[in-house]
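This report concerns only the one structure given below.
We did not get these values from a lab; they are worked out from the coordinates using the rules stated. All figures in this text were calculated on a predicted structure; none of them were measured in a lab. Using ideal geometry, Cβ is built from the backbone for each residue, glycine included, and neighbour counts are taken over all protein chains shown.
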Amino acid sequence: MNLPRFLRRKRLSWKILAIIALISTAIYVYMNYFNSKELRNPNVYTKERRKRFEDYQVSESSRKGPGENGEPVILEREEKALAASLFKKEAFNIIASDKISLQRSVKDVRDSKCKDIQYPKKLPSASVVIIFHNEAWSPLLRTAHSVVNRSPPEYLHEVILLDDFSDRPELGEKLNKYVDETWPDGVVRIVRTMERSGLIRARLAGAVAAKGDVLIFLDSHCEASAGWLEPLLGRINEDPTAMLCPEIDLIDKDTLQYGGTGSYSVGGFWWSLHFSWRPIPKHEKERRKSDVDPIRSPTMAGGLFAVDREFFFKIGAYDNGMEVWGGENLEISFRVWMCGGKLEFIPCSRVGHIFRASHPYTFPGNKDTHGLNSMRLAEVWMDEYKRLFYSHRRDLLGQDYGDISERKALREKLKCKNFKWYLDNVYPEKFIPDENVHAWGMVRNPSSNLCLDTLGKDEKMTFDVGLFSCQNGASASEVFSLSMENELRREEGCMAYNGKSGGHPHLVNCNGAANQKWKHDKNTGTIIHTESGLCLDREKVESGGYSMVITCVANKDSQKWAFEHYLDV
Ligand code: LR7
Ligand code: MN
């Protein structure tokens, strides 16, 4: 054979090994030192970052100044006046916020058991995406600092400040300079959209730019608190199909107090497709073994969540046809459950959020973006149950919600389960006003053509139930159901009565109590309050007044009622 001379020598195998070792070392050095930004889970961080992180933890307890330890800020008289004049623009107390250090300490409000949990040393890395449109300087940067200060650097791949086309001057060059000077190692970087994208497409842009294994989205007025990151990464490490929310603590919009009262609630929704908080249901309490276990939730509030990056894209990221604000939170919640994932709240991960009084930004074209976005989600995900959304939003019928064919194709491709499955399995306690009830619809007193009506009252409050001229299905405020438990109810509120004869029934949260039970006789038309034996009556009320409960009198016109629909007799 015609091999080169050196290969014919005796110690041939040693030489080959040496060459292989040399090449591997070169590749290793190259990957780590020249190309680290491109690695998926590099776990490469500088000693300086580690030291800065440790120093912050040590110094945190001794910090002094306004708002430290999450305390409320008390303003002087002139400052108060200034804050009040700026409240309209910012929808929170910007003066108080500006007085607080961008790196303030907050109370550790976690359950003490959280500190005993051991997480694996090697965890996926996180890209934290903070989207903003014209956010005020101090809350925006306090969000970024809180993330860097309280995330072990080995797990924090990067923080992306995703600017959705802001035009406040300080968010341009000044912000670039601040970020470069504060985080010279590049752990925080700014990405800007080229046009106003709305929060949904802004998050998409952030997700596309992110390189970490896990995406964590935050609003731009948050504060991540001690140990917030590991529980999220630990759980995704166990199950990459789990989409996770931290417990959201309240940062008071007036005093900036960090109120660590994370409510341990879960997310629900109203049929009008607004998000709601609700107590953890019994079946979920029973399923969990400890207070610090993940809590399964039917929906999320929307702004603060962690998800495996690949899984996020696999299940369809977001609907990029949604504009500005609203609806994306329920869309992603329904979708993650229906398409094979799960949604959980993580009690040991706590992040504060400033709940503002209104939206401190414009809605281009003055569109009802919540309404139109919700139409898109109802059409794609809710099957026949979209009827219940439209019964609240008849005004939307016939409006142009754009093209949803891609989203429908996505649902096909992923072979997602249907909405009934979601209701039955994920949210079995959700009341469906027109299914599995004795009767539903308008509750009409035929002789007056008056109907029971909430008169548009806020149903999270207690109020007397009214009467109004029957709107023949045009108004969701006249839809009541006679449930299988013999409640006269709305979505969450039940008609209760505890006064003496002649008092008004009122709507309160359904709780199964005896004073919330009614008996309806379809033939005589009576609705009798079971506990008191008195009858629902419309006597002496004008349109817009209240219904009453008084002594029953046989065959009395003002005590006759008919439901619009009867499902059983
Ligand atoms: O056009 C816009 N572009 C943006 O980048 C409009 C907004 N934004 C940014 C904005 O700067 C902010 O950082 O998007 C973020 C969310 O906007 P907010 O803070 O005005 O929303 P919100 O807190 O009132 O509303 C909640 O519901 C929204 C529905 O679309 C979003 O999902 C928000 O993220 C969500 N916030 C939370 O879930 C925080 C916890 C609230 C609770 C309960
Ligand atoms: Mn917000």
In deg cm²/dmol and to the nearest 500, what is the mean residue ellipticity at 222 nm of the chain if only DSSP H runs of at least 4 residues count, each as -39500 (n - 2.57), divided by the residue total?
-8000 deg cm²/dmol
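Report the extension gain between residue 290 and residue 565 in nm, rounded to one decimal, defined as 0.36 nm multiplied by the number of residues separating them, less their alpha carbon distance.
Working: separation 275, 0.36 × 275 = 99.00 nm, distance 4.47 nm.
Gain in length upon complete extension: 94.5 nm.
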May I ask for the angle, rounded to the nearest 10°, between helix 198-209 and the longest principal axis of the chain, with both axes built from Cα atoms and the value confined to 0 to 90°?
30 degrees
Taking the number of other C-beta atoms within 10 Å as the exposure measure, put 16, 528, 251 in order starting with the fewest.
16, 528, 251
For the range 298-310, in order, what is each residue's ³J(HN,Hα) by Karplus, 6.51 cos²θ - 1.76 cosθ + 1.60 with θ = phi - 60°, in whole Hz (x at glycine and Pro)?
x, 9, 10, 5, x, x, 10, 7, 10, 8, 4, 4, 5
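Working out 0.36 nm times the residue gap between residue 177 and residue 52, then minus their Cα-Cα distance, what length gain in nm do you get to one decimal? Don't skip to the end; give the middle numbers.
On the way: separation 125, 0.36 × 125 = 45.00 nm, distance 2.02 nm.
Difference between extended and current length: 43.0 nm.
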In this structure, the FRET efficiency calculated for residue 79 and residue 13 from their beta-carbon separation, with R0 = 56 Å, to the nearest 0.05, is 0.10
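Pairs of alpha-carbon atoms within less than 8 angstrom and 6+ residues apart define the contacts here; what relative contact order does the chain have, in percent?
Working: 1098 pairs, mean separation 62.3, N = 569.
The normalised contact order for the chain reaches 11 percent.
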Cα→Cβ-extended label distance, 7 Å offset, between residue 264 and residue 461, nm
3.0 nm
Under the 7 Å Cα-to-Cβ spin-label approximation, residue 553 and residue 194 lie apart by a distance in nanometres of 7.7 nm
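Based on the Cβ-Cβ distance from residue 474 to residue 355, what FRET efficiency comes out when R0 is 25 Å, to the nearest 0.05? Please list the in-between numbers first.
Values: r = 33 Å, r/R0 = 1.33.
Calculated value: 0.15.
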Which of the pairs 174/253; 115/342; 282/460; 386/417 have their Cα atoms more than 18 Å apart in this structure?
174/253; 115/342; 282/460
Can you give me the angle between helix 173-182 and the longest principal axis of the chain, using Cα atoms only, in degrees from 0 to 90, rounded to the nearest 10?
60 degrees
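Which of the peptides 281-291, 477-487, 214-224 is most tightly packed, and how do the rest follow, judged by the mean count of other Cβ atoms within 10 Å per residue?
On the way: 281-291: 11.5, 477-487: 20.5, 214-224: 26.0.
Per-residue mean Cβ counts within 10 Å order the peptides as 214-224, 477-487, 281-291.
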³J(HN,Hα), Karplus 6.51/-1.76/1.60, whole Hz, each residue of the range 139-154, x for Gly, Pro:
x, 4, 6, 5, 4, 5, 4, 4, 5, 5, 5, 10, 10, x, x, 5
Nearest 10, in degrees from 0 to 90: the angle of helix 328-338 to the longest Cα principal axis of the chain is 80 degrees
How would you rank 199-207, 494-502, 398-406, highest first, on the average number of other Cβ atoms within 10 Å across their residues?
199-207, 494-502, 398-406
According to a simple spin-label model (label point 7 Å from Cα along Cα-to-Cβ), what is the distance in nm between residue 366 and residue 342?
4.7 nm
